[in-house]
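Since the structure comes first, as structure tokens, the remarks are kept for the end.
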Amino acid sequence: KIKQANAYVPGWGQTIFQSANEMMNNDIYRKRMDDLQIKSWSDLGKRAEPGVSFNRQNNSINIRGLDQDRVLTRVDGIRLPWLDDGARGVKGGLEAVDFNSLSRLDIVRGADASGGGSGAISGIADLYTLEPSDLLGGDKTFGALAKTDYDTADSSWGANAALAGQIHSNTFWLVQAGVRNGHALDNRGDVGGYGAKRSEPSPEDYDQRSFLLKLQQRVEGGHRFGLTGEYFKRNADIDSMFEQGAGTSYLYGENGTRKETERERVSFDYSYKAPGEGGLIDTATAVVYWQRLRLDSSQSGVRSVDSRARIIPGDPFRYGFPSGPYGRSNSIQQSLFGVNTEFTKRLAGASVSQLWTVGGEWYGNKTEQNSSGYDNCPVIRPGTPAPFGPRACDMLHTNQADVPLSKGSQWALWASDEFSFADGRYTVMPALRYDHYEQKPKSTESYASNRNGGALPPDNGGGRFSPK
């Protein structure tokens, strides 16, 4: 990979303090990401984090051999969900991150029953976006960052820029925007053409856009209030040449797929650092947020007539459908609204030093799935024989929801005590966490249109204590 230009300023990823628990994490800061040219999850695993990879089959992160929703992923403390529509193969969501907007990322291997939270079965990926202070070193009141790069792996160009400034003495702002355009990831295949024998990747054109806005107000006494808006969208148009021509259901040049990933977030955050010792707490953080993640996979093509339609003149068993113009749009969307908070207090004794942390989390979620489309499938009378195997129209149902709408919530409380003794040579970090969840499926008009939907599944809920 060739970096065309890369200009940055020092001061990335400042932290309030570093505990023994944080030292066990593998923190990667902005400068190292630039030095190693890390722009994606795949780059991270190859160059900085052995054992971390990105599964392109289900668009999820893999840590220690587990992936999908068994890796807890957060952006600025806000959960980034992994979605699965359960029927149409639309999966992902964890790729909805522009790595150029990050100030720092932490990889924690293993489960965590304290602030890590439920879902952290194989590990945690904590991502932190740029702060105004990252560009405003020393006494600066204005800072800028700009860079561009070219990647031969997918013949893509990227550009990213960020501006930050200080208004008066205690008001700060940051604006960041990024763009990337590229093509299919090269696989070194050398067989082109159409059909299953093709080994080259299908032609693809993608574009990615991201935007980040932060406003922060500092108040005397160690208080800081912040407002963040974030937007990410990636579109990819794929010419599915594997599924065109002889031996397939589509005519030459008439089968394309468009995949979209979109994430929106608005959050309000608060942080506090005690100006001196002796107070009730040392630090406090809280964030209230709304987030929506949507995945969409659409297909448009022209189908050929099934050869079984010619076995008997007149096609009495209706095998010749669908044929002609054919389209599908399959989507899944999840909206989240929640709040996280955490407090710390350090107690220094003559022989034992303790760092107490208590926190809580609550969020509500709403998940929707839908399939829409068009074809020329006729109404087939129930009981019509199918002597030559299942008809395509018997299986290609659309304009329905395959799973019901689901509304739910989850809350958790946790406490941990990190204490060290023998002059800091030994550290013990016990913790206890309680999680409670509830999911309630709801019927919709779209789900009622699903002839195979059946009765709604029952409400699901429960709670569990987790020790550490």
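The values are calculated or read from the model by the stated rules, or taken from the named source; none is laboratory data. Quick caveat, the model's predicted, so the values are computed rather than measured. Cβ placement follows ideal geometry from the backbone for every residue including glycine, while neighbour counts extend to all protein chains displayed. The protein model used for the area step is the full one, side chains on, heavy atoms only, and it has no ligands, DNA or RNA in it. Shrake-Rupley method; radii C 1.70, N 1.55, O 1.52, S 1.80 Å.
From the helices alone, meaning DSSP H stretches of at least four residues, give me the mean residue ellipticity at 222 nm for the chain, per-run term -39500 (n - 2.57), in deg cm²/dmol to the nearest 500.
So the helix-based figure for the chain works out to -1000 deg cm²/dmol.
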message: Accessible area per residue for the chain in Å², computed with a 1.4 Å probe and the full protein assembly in place, what is it?
response: 49
message: Could you tell me how far the Cα centroid of segment 389-427 sits from the Cα centroid of segment 167-199, in Å?
response: 27
- line: With every protein chain in place, the accessible area of Asp43 for a 1.4 Å probe, in Å² rounded to the nearest 10, comes to 10
statement: Expressed in Å to one decimal, the Kirkwood Rh of segment 259-378 from all distinct alpha-carbon pairs is 20.1
- prompt: What residues of segment 347-367 lie in the reach of a label at Tyr426, counting those whose backbone N is under 14 Å from a point 7 Å from the Cα along Cα→Cβ?
  reply: 351-353
message: Output needed: percent of Cα pairs per 20 Å distance bin for the chain, bins running from 0 to the one holding the longest distance.
response: 20, 49, 25, 6, 0
query: Gain in length, Leu163 to Ser307, computed as 0.36 nm per residue apart minus the alpha-carbon separation, to one decimal in nm?
result: 45.8 nm
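Pairs of lysine in segment 322-468 with Cα under 23 Å and at least 8 positions apart or on different chains: total? Show your work: numbers first, answer last.
Numbers: Lys345/Lys468; Lys366/Lys407; Lys366/Lys440; Lys366/Lys442; Lys407/Lys440; Lys407/Lys442.
The number of close lysine pairs in segment 322-468 is 6.
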message: Can you compute the modelled spin-label distance between Arg47 and Val266, with each label point 7 Å from Cα toward Cβ, in nm?
response: 3.6
query: For the chain, what's the relative contact order in percent, using C-alpha pairs closer than 8 Å and at least 6 residues apart?
result: 10
- request: Rounded to the nearest 0.05, what FRET efficiency do Trp173 and Tyr374 give with R0 = 45 Å and r taken as the Cβ-Cβ distance? Could you check?
  value: 0.45
- request: Could you pull the accessible area for Leu213 with a 1.4 Å probe, rounded to 10 Å²?
  value: 60
Neighbour-limited loop hits for chymotrypsin sites (Phe, Trp or Tyr not before Pro), segment 236-344 (at most 13 other Cβ within 10 Å; DSSP other than H, G, I, E, B): none
- request: Step through the residues of segment 161-169 one at a time and calculate ³J(HN,Hα) from phi using the Karplus curve (6.51 cos²θ - 1.76 cosθ + 1.60, θ = phi - 60°), rounding each to whole Hz and writing x for Gly and Pro.
  value: 8, 9, 10, 9, x, 10, 10, 6, 10
query: Between Ser353 and Ala246, how many nm apart are label points set 7 Å from Cα along the C-beta direction?
result: 7.6
query: Quick one: length gained pulling Val219 to Gln37 fully straight, 0.36 nm per residue minus the C-alpha distance?
result: 61.8 nm
- prompt: Calculated FRET efficiency, Trp362 and Asn187, Cβ-Cβ r, R0 41 Å, to nearest 0.05?
  reply: 0.40
statement: So for R0 = 22 Å, FRET eff. of Phe337-Tyr437 from the Cβ-Cβ r, to 0.05, ends up at 0.90
- prompt: Can you give me the Cα centroid spacing of segment 308-376 and segment 45-82 in angstrom?
  reply: 16
field: segment 166-313, accessible surface, carbon-and-sulfur percent (1.4 angstrom probe)
entry: 55
